Structure formats: C-alpha cells, structure tokens
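What follows is one structure encoded as structure tokens, with my remarks underneath.
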Amino acid sequence: MYMSFNQFILKEQYQKVRGLGDRLELMKEQIEWKPFRPIVATIFRDNKEIGGRKHTDEILVVRTMLLQAWYGLSDEEMEFQANDRLSFRNFLDFPETVPDFSTIWKIRDRLKEAGKEQKIWNALQHQLNQKGYEIKKGVIQDACFIEADFGRKRHYQEKKAEKHGEKMEYTKKQEQHMDKDGTFSVKHGQVHFGYKNHVKMDVGNMLIREYEVSTASLHDSQIDLVEKGDKKAYRDKGYFGAKLRAKDVLDRTMVRAGRGQELSQREIERNKAISHVRAPGERPFAVMKNIFNGARTKVKTLERVSIKEMFKCFGFNLYQLVTLRRRELAKAL
C-alpha cells in the first residue's frame, strides 16, 4: 500500500502515543470494518457513468461518526480534532485528508435519509453474535434522557407575547436553530426537555443489543424492545403493567405498589432480586453520559438525534468489547 512521506512521519510520531496506552487502537481491533463499506457506499452518487469527485472512504465515515460519539464533538470540533490529534489520525488510518464539518453533516443526513442507520446497527449485532456474545441470560431494558436546549429566552418571550395576545414570528434562519421534536417530561421532581434513548442490554456482557429514540414525554413503558429468544426481560417499576409482546420471554419486571396498597414481603424480595440483576445495566448510561460527554444533544430533530444515538450505542459496544477482552485475558493468567 502506497504511503506518503507525511503519513510515514505521522505514523512514526504515533508510536510514542501507542506506547503510553491508546484505547482507540484497542477499540479499532475489536471488529471487522469491511462489512460496513457496501452499506455506506450506496449513499454516494458518484460512479463511473456520471463521474464526480471521489467520495469519502466508507470506513472513514463510520469511524469519524464513532469518534464524534466517544468525545461528544460537534461537526466543527470533529474536523479540528481529527487534524490535531495523533490518536484520532491513527483510528482513521492516517488518511491524507479528513472530512470537513459540512461533509460530516451531509453524510450523516444521507445515512438517515437512505435508511442506513439500522443496517449499520444490524451489521454490528451480527458480528457480536459471531464472537459468541449471543443473549444467554436475558436482557435489561431501560431508558435515559438526552437533554436538549429548548431556548429559555425564546420560551420566556413567547409566554410574554401570549399573555398580551400576540404571536412571535421568526425568520427561516431562526427556525433552523429551534428544536423541532423535543418535549418536556418530569421525573422525580426534575424537569427534562429533549429526548429519550431506550436501550436493551445483554445480561452478563452488558452489550447494547437494541435501541430506540423517542421524545422525552413518551413513557418508558410505551417502548418494548424485547424480542423472541431473549429468555428473560428485567425491567424497573416504570414498566409495571406493560405486558411483553414476546410470549416466550420470562417477564422479570419489578412490581409497583398501588395506591393505599403495600407490597408483600415476597414482592419486596422479588424486586430486590431483579434489582440486583438490573444494577449493572446503569453502566452504559453512565459511560455514555460521563465518559462520552453524551448527556446533551445539539441537533434539533428526532431523526438526527436517533442516528447520533445509534453511533453512541455502537461506540459503547466497542468500548465494552475492550473491557470484556481484558477480563478474558485476566482470567487466563
């Protein structure tokens, strides 16, 4: 493979970073990347018949989206960091050029419009199964809020105008910066605005096997990600009363006390047992929020939030694969 002088120098400089410990390099080694190439290739319009400038490499596209997800970067920040950091360049395989911020935005929108989001996710899940990480002990379903900026100042001005019987008018540019699909929700006395990521995790391996993004106001119990063959489904009290569609799956949903009715000792013990299994299921959310800096979103529509969350879940799975690999090596010692 041809290597330019610039690429050679960068690779030599990277060896120092590698020696210090680079988790990105480890995550890059966890899966095969070629299966994603034909999925992404179909969104580009250049070909031998119509010509056109050579498009961005398909694997480079996927890895760029993952770097964004891991570091909570905007498109502009992603362009800068990809040019600035040696570990990023190595993860991207030292391309001669990296996508600029507008290219990143356009490609992400094309992936969503062409319906490639689910295909990328399915290709990853197929590899997890091939590695022997099939669901064996059951699944955990849970959800977390993705906070969005609802425009506090604009909201105040709208309320003030409404009080005087007036209506606020906005320019097209202003409307582009307004959140289109985010909604309000109140939980434990705290007000949230934005979206929710509902995920299904594999008990034991703690890999995310399915996800679905909704607005914040949709109750957790309205989303059922449990499928035939999932064996057991562990869910918290928020799902109480919502029956599983998959009839062959054992329902391990925690029981909620009714008004004026206390739980029996047996129900309390059952809840404790379920909670013990569910507790590790909080880890993916903690990692995505605190390590990936993914508690908030900067995009303004449900569709755009959804594809960003897919890459965040994808990124968590690679992060977790490194953890699982290290555990396996530690047991072998």
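The values are calculated or read from the model by the stated rules, or taken from the named source; none is laboratory data. None of the values given here were measured: they were computed from a predicted structure. Neighbour counts are summed over all protein chains in view; Cβ atoms, including those assigned to glycine, are modelled from backbone coordinates with ideal geometry. With ligands, DNA and RNA removed, areas are computed over all heavy atoms of the protein, side chains included. Shrake-Rupley method; radii C 1.70, N 1.55, O 1.52, S 1.80 Å.
General observations
- Rounded to 5, percent antiparallel among DSSP beta bridges of the chain: 75
- Pairs of Cα atoms farther than 20 Å apart, the range 188-298, %: 48
- Cα gyration tensor shape of the range 254-331, rounded if a/c is under 1.5, else prolate or oblate by comparing a/b with b/c: oblate
- Cα-based shape type of the range 60-159, given that a ≥ b ≥ c are square roots of the gyration tensor eigenvalues and the cut on a/c is 1.5: oblate
- Secondary-structure-derived ellipticity at 222 nm for the chain, considering helices only, amounts to -14000 deg cm²/dmol, per-run term -39500 (n - 2.57) for DSSP H runs with n ≥ 4.
- Where R245, R63, R304, R326 fall by accessible area, highest first, once all protein chains stay in place (1.4 Å): R245, R326, R304, R63
- For T215, the amide hydrogen comes within under 5 Å of the amide hydrogens of K196, counting only partners 5 or more places away or on other chains and with H modelled in the peptide plane.
- Given R0 = 51 Å, the distance between the Cβ atoms of K167 and E328 translates into a calculated FRET efficiency of 0.25.
- Share of carbon and sulfur in the accessible heavy-atom surface of the range 241-333 [1.4 Å probe, %]: 52
- Fraction of the pair-distance distribution of the chain above 27 Å, Cα-Cα pairs, percent: 53
- Three semi-axes of the equivalent ellipsoid, the range 170-249, Cα gyration tensor, whole Å, largest first: 32, 15, 11
- Taking all Cα pairs closer than 8 Å and separated by 6 or more residues, the relative contact order of the range 198-256 comes to 28 percent.
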